[in-house]
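Participant: Here it is, the structure, as C-alpha cells.
Every number here is computed from the coordinates shown, using simple stated rules; none is lab data. Note that this is a predicted model, so its numbers are computed, not measured. Methodologically, a virtual Cβ is constructed for each residue, glycine included, from the backbone with ideal geometry; neighbour enumeration extends over all protein chains shown.
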Amino acid sequence: MPRSKKSAAPNWTRKHLLGLEDMTAQEILTVLDRADAYLPCVTQARPCPPTLKDRTVLNLFCEDSTRTRTSFTFAAERLGARVFQFHAATSSLNKKESLIDTARNIEAMGLDAIVIRHQERGAPHRLAEAVACSVLNAGDNAHEHPTQALLDMLTIRRRLGRLDGLTLALVGDVRHSRVARSNFFGFSKFASRVICVGPPVFLQALDVKAETATDLGAVLPECDAVMMLRVQFERHESVQFNVDEYIRGYQLTPARLARARPGAIVLHPGPVNRGVELTNEVADGPQSVILFQTTCGVAVRMACLELCIGALDRERRSRTAQARRDRRG
Ligand code: NCD
C-alpha cells in the first residue's frame, strides 16, 4: 500500500483528469499501479493511509449516476476526505445560475477537487479553466469517461495479466458511448487490438479511427475480452433502432460467448439492460467480471483523487513561494 504522500508519483503533474485521449501510457500505468496497491483496502477492508484527510471533494453530478457517484464517494472517504454531494435537481442551476458560477461559489467555501458529470461535451474542460482546484471528469455526454476506462483497464490487467497483445471487442452502441471512446483511447496507447462491433447504425459517425466489424460471431473467436456497452436509449432521438433485431445480432448469450477465446472475460460498465446486451447467464456467469469492475473502480478513483490533489498541492506550494518572493521584491 502506498505509505505517504511523499511516495506518490513525483513525476505526476496533472491536477485535472479530463480524458484519456491526451494521457500517456506511462501516466495510465502510474494510475493503475497505485490503484493496484489500493485494491486490498477495498477488497479486504484494510486500513488506508489518510492521505486526503481534511480535504474536501465536491461530487457535482448533473446527470444520473449510481456506480460512479458512489465509487468516487467511497474512494475519497477511504482516504479521509469529506465529500459534499451536489444534487443538480434541487440546486440553483434550476434558477438559471451557470455551472461555472455554481462551482466557483462552492469553491470559494474551500474545495480541493470537483468530480463532475455533465450532459454537455466539454463541460469538465470548461470548468477546469474556471476554477483553481482539481477537476475530474465523471462522464461528459458521449465524449469521455476516463475513470471508467481506467477501471476497465485495471480489471483486464488483473484478470488477464497484461494490457499488451490482447484483442478487446467493444460491442454495441459504440456511437453514443463515452465508455467506448475512453477505452479506445486508453488501449490505443498499448499494443492491443480494439475492435468496435455493432450494427451499422452504431458504427456510423464515429469520430475515432477504430477498427470496426458488424459480425459479432466472426469477431468473438479472436477476443480475450468482450466489453458489452449499454444501449443508450436516451441518446437515440435521431437513430432508427429495433431492439429485437439488435438482440438477434448482438446479445451476448452463452452460445455466442463459447466462441470467444478460452478464458475470455466479459465486461459491462453498468447499468446493464438485462436481456438486451447480455443474458442473465452471461451477466452472472463465471466469465463475467462486472462486479469486479466496480471494486476496481474504487481503487482507481482513490489513485486518481490522490494523484490529482497531490499535483494541486505542488502547484499551490509553488504559487505561495512565488508570492513570498514577489512580496520580498
Ligand atoms: C456508464 C456511463 O454513465 O457512462 N456507466 C457508468 O458510469 N458506470 C455507462 C452507461 O451509462 O452506459
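Participant: In debye to the nearest 20, how big a dipole does the chain give about its Cα centre with +1 on each Lys and Arg Cβ and -1 on each Asp and Glu Cβ? Mind showing how you got there, number by number?
Facilitator: On the way: 45 positive and 36 negative charges, 325 e Å.
Here the size comes out at about 1560 debye.
Participant: Measure off 7 Å from each Cα along the Cα-to-Cβ vector at Thr253 and Arg162, then give the distance between these two points in nanometres to one decimal.
Facilitator: Inter-label distance under the simple model: 3.4 nm.
Participant: Moving to a separate point now. Considering only the other residues whose Cβ falls under 12 Å of the Cβ of Pro221, what net charge follows from Lys and Arg at +1 and Asp and Glu at -1? Don't skip to the answer; put the middle values down first.
Facilitator: Numbers: positive: Arg256, Arg259, Arg261; negative: Asp215, Glu222, Asp224.
My count for the surroundings of Pro221 gives 0.
Participant: At q = 0.17, 0.27 Å⁻¹, work out log10 I(q)/I(0) for the stretch 115-196 with the Debye formula, treating every Cα as an identical point scatterer and leaving solvent out; two decimals please.
Facilitator: Debye intensities relative to I(0), on a log10 scale: -0.70, -1.24.
Participant: A further question on this structure: Take the Cα radius of gyration of the stretch 226-297 and divide it by 2.2 N^0.38 Å, with N its residue count; two decimals is plenty. Could you put the intermediate results ahead of the total?
Facilitator: Details: Rg = 12.8 Å, N = 72, 2.2 N^0.38 = 11.2 Å.
Cα-based Rg divided by the globular estimate yields 1.15.
Participant: OK, next. Using the Cα centre as the reference, give the magnitude of the dipole from point charges on the C-beta atoms of the stretch 146-291 (Lys, Arg: +1; Asp, Glu: -1; all else neutral), rounded to the nearest 20 debye.
Facilitator: Its charge dipole is roughly 480 debye.
Participant: Let me ask something else about it. Using a Förster radius of 30 Å, what is the FRET efficiency between Ala89 and Asn273 based on their Cβ-Cβ separation? Nearest 0.05, please. Mind dumping the intermediate values first?
Facilitator: Numbers: r = 24 Å, r/R0 = 0.79.
Once rounded, the FRET efficiency stands at 0.80.
Participant: Now for a separate question. Between beta-carbons, use under 15 Å as the cut-off and find the net charge around Arg193, counting Lys and Arg +1, Asp and Glu -1.
Facilitator: Local charge sum for Arg193: 0.
Participant: For a quick check: with amide H placed at 1.01 Å from N, whose amide H comes under 5 Å from Cys196's, ignoring anything fewer than 5 positions away on the same chain?
Facilitator: Leu170, Glu211, Thr212, Ala213
Participant: To the nearest 20 debye, what is the magnitude of the charge dipole of the stretch 140-194 about its Cα centre, counting +1 on the Cβ of each Lys and Arg and -1 on the Cβ of each Asp and Glu?
Facilitator: On the way: 9 positive and 5 negative charges, 45 e Å.
Here the size comes out at about 220 debye.
Participant: Still on this structure, I have one more. Taking only C-alpha pairs under 8 Å that are 6+ residues apart, what is the relative contact order of the chain in percent? List each step's numbers first, then the result.
Facilitator: Values: 603 pairs, mean separation 71.4, N = 329.
Once normalised by length, the contact order is 22 percent.
Participant: In addition: Under a crude label model (7 Å from the Cα following the beta-carbon direction), how far is Asp36 from Arg316 in nanometres?
Facilitator: 3.1
Participant: If you take the C-alpha gyration tensor of the stretch 146-291, multiply each eigenvalue by 5 and take the square root, what semi-axes do you get, largest first, in whole Å?
Facilitator: 21, 18, 14
Participant: Something else: Tell me, what is the percent relative contact order of the stretch 146-291, built from C-alpha pairs under 8 Å that lie six or more residues apart? Working shown, then result.
Facilitator: Values: 260 pairs, mean separation 34.6, N = 146.
So the answer I get is 24 percent.
Participant: Full extension from Asp244 to Ala205: what is 0.36 nm times the residue separation minus their Cα-Cα distance, to one decimal in nm?
Facilitator: Numbers: separation 39, 0.36 × 39 = 14.04 nm, distance 2.29 nm.
Net length gain for the segment: 11.8 nm.
Participant: Hey, another quick one. How would you order 293-306, 131-144 from highest to lowest mean count of nearby Cβ atoms within 10 Å?
Facilitator: 293-306, 131-144
Participant: Mind pulling up the Rg/Rh value for the chain? Radius of gyration and Kirkwood radius, both on Cα.
Facilitator: Radius of gyration over Kirkwood radius for the chain works out to 0.99.
Participant: For the chain, what is the mean residue ellipticity at 222 nm derived from helices alone (per DSSP H run of n ≥ 4: -39500 (n - 2.57); sum divided by total residues; nearest 500 deg cm²/dmol)? List each step's numbers first, then the result.
Facilitator: On the way: 12 runs with 136 residues, N = 329.
My calculation for the chain gives -12500 deg cm²/dmol from helical runs alone.
Participant: For the residues Ile309, Ile156, Ile100, what sequence is obtained by ranking on other C-beta atoms within 10 Å, fewest first? Write down the numbers at each step before the final one.
Facilitator: Numbers: Ile309 24, Ile156 27, Ile100 14.
In order of increasing Cβ crowding within 10 Å: Ile100, Ile309, Ile156.
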